[in-house]
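FYI, it's all coordinate maths here, none of it is from the lab. In this text the structure is predicted, and so the values were computed from the model without any measurement. Quick reminder, even Gly has a Cβ in these numbers, built from the backbone with ideal geometry, and neighbours come from all protein chains shown.
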Amino acid sequence: MQPFVYNALPSRVVFGFGTLAQVADEIRGLGCSRALVLTTPFQREAGEALVSQLGELAIGLYDNATMHTPVEVTREALEVVKNSGADCVVALGGGSTIGLGKAIALNTDLPQIVIPTTYAGSEATPIIGQTEKGLKTTQRTLKVLPEVIIYDVDLTLSLPPTMTVTSGMNAIAHAVEALYSKDANPLISMLAEQGIAAIARALPSLQVNPADKEARSDALFGAWACGVCLGAVGMSIHHKLCHTLGGSFDLPHAETHTVVLPHAVAYNADATPDVMARIARALGAESAAQGLFDLAAKHGAPTRLADIGMNEADIARAVDIACSSPYWNPRPIEPAAIWELLENAFNGHRP
Ligand code: NAD
């Protein structure tokens, strides 16, 4: 056994079907009584329904959460927090909504109850990414770790088929990079394999029947497991590239993870053969990189950066940004090889 250091994170998790009914109890459990509900314009109706369900425990709805947590949106939301006298936030939605809740917590220390409706995993991490003037920066601080996560499998039944796959691949990316992280440890690696396997098992069933409750339950468990991995250990080249492409080129988050992941894994394959074997085993595939590519491609997810808004002319700048302040990576960062990785992802080559 390799020596390791493991930091456990404090968080309360409520997981099940119909658990949305427990939000009021969780607000009271935190000693709060004035919740500001957060969501996106797309999920406004669900946000309004939650506000009315909470009655006098809710003091309003802010429904302008935006992908990549732009600082202008956070400023606007902080005004609403100040004027409403909110004593906690309830984030209902995907990583964008949860990101806004974290940004509010960073500035105010208000406690957060988060109700994830995608598989992005942000709810389980003390990480916040924020975008200002076209650059996304991330920081780790316990100030943004949500106090309570309520997973309600029923809320994921509406996740559209393509987003189900891309969001699931986003989750898998956290587990994959946890396995070769410089802080890897046996507990998180076990969870990483379980998370990858649960999502890989769920996606084929969900393509046939998006309302398959057992498969939705597997996928949401997998999202939690993978989110815990992201929260516990450092990430590498894959996350660096995705932060670069999302923050500086405004590419969509989950789709970018989906397209880049097989290529990032191929980049690290020779440096981490044992990890590749674990990923392949969890996927039930011969090869980690090809297994990941096939999992996305077979279930209707995009496989080319060209198809999700990237211009080929921007690859050079993406290489510069990603290589100028790289995250630790098991294989040294070689700009020419990163360029090739992005070219392959741009064209959708099977690794
Ligand atoms: P998202 O939150 O932007 O959601 C995408 C769209 O899908 C939104 O319009 C949303 O309202 C809608 N949606 C969400 N759940 C739905 C459902 N069940 N049914 C129908 N529509 C639904 O997308 P995301 O991929 O979950 O999150 C991306 C953001 O999360 C990025 O900004 C990323 O940086 C951040 N993120 C942060 C961390 C972290 O640890 N800090 C981790 C993962 C992702």
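Observations
- Spatially, region 97-124 and region 126-143 are offset by 12 Å when compared through their Cα centroids.
- Residue-averaged [θ]222 nm for the chain, counting only DSSP H segments that reach four residues, each worth -39500 (n - 2.57): -16500 deg cm²/dmol
- Computed over the chain, relative contact order equals 15 percent, with contacts defined as Cα pairs under 8 Å that lie 6+ residues apart.
- Cα gyration tensor category, rounded, prolate or oblate, for region 110-224 with a/c compared to 1.5: prolate
- Compared with the direct C-alpha span, the chain from E340 to N107 gains 79.9 nm at full extension, assuming 0.36 nm per residue.
- The Cα center of region 335-351 and the Cα center of region 167-242 differ in position by 23 Å.
- With Cα atoms, 0 to 90° folded angle of helix 71-84 axis to the chain main axis: 20
- Cβ distances below 4.7 Å define possible disulfide partners, and in the chain the cysteines left without one are C226, C229, C242, C323.
- Placing a pseudo-label 7 Å from each Cα along the Cα-to-Cβ vector at D154 and Q139 gives an inter-label distance of 3.9 nm.
- DSSP-defined beta bridges in the chain - what % are antiparallel, rounded to 5: 20
- Cα gyration tensor category, rounded, prolate or oblate, for region 161-347 with a/c compared to 1.5: oblate
- Distance in nm between pseudo-label sites at K298 and R44 (7 Å out along the Cβ direction from Cα): 4.1
- Against the chain, whose longest principal axis comes from its Cα atoms, helix 288-298 is set at around 60 degrees.
- Compared with the dominant principal axis of the Cα atoms in the chain, helix 273-283 is inclined by about 60°.
- Across region 56-183, Cα pairs under 8 Å and at least six residues apart give a relative contact order of 22 percent.
- Checking the Cα-Cα distances for K82/K240; K143/K213; K82/K143; K82/K102; K102/K136; K182/K298 against a 23 Å cut-off, the pairs over it are K82/K240; K143/K213; K182/K298.
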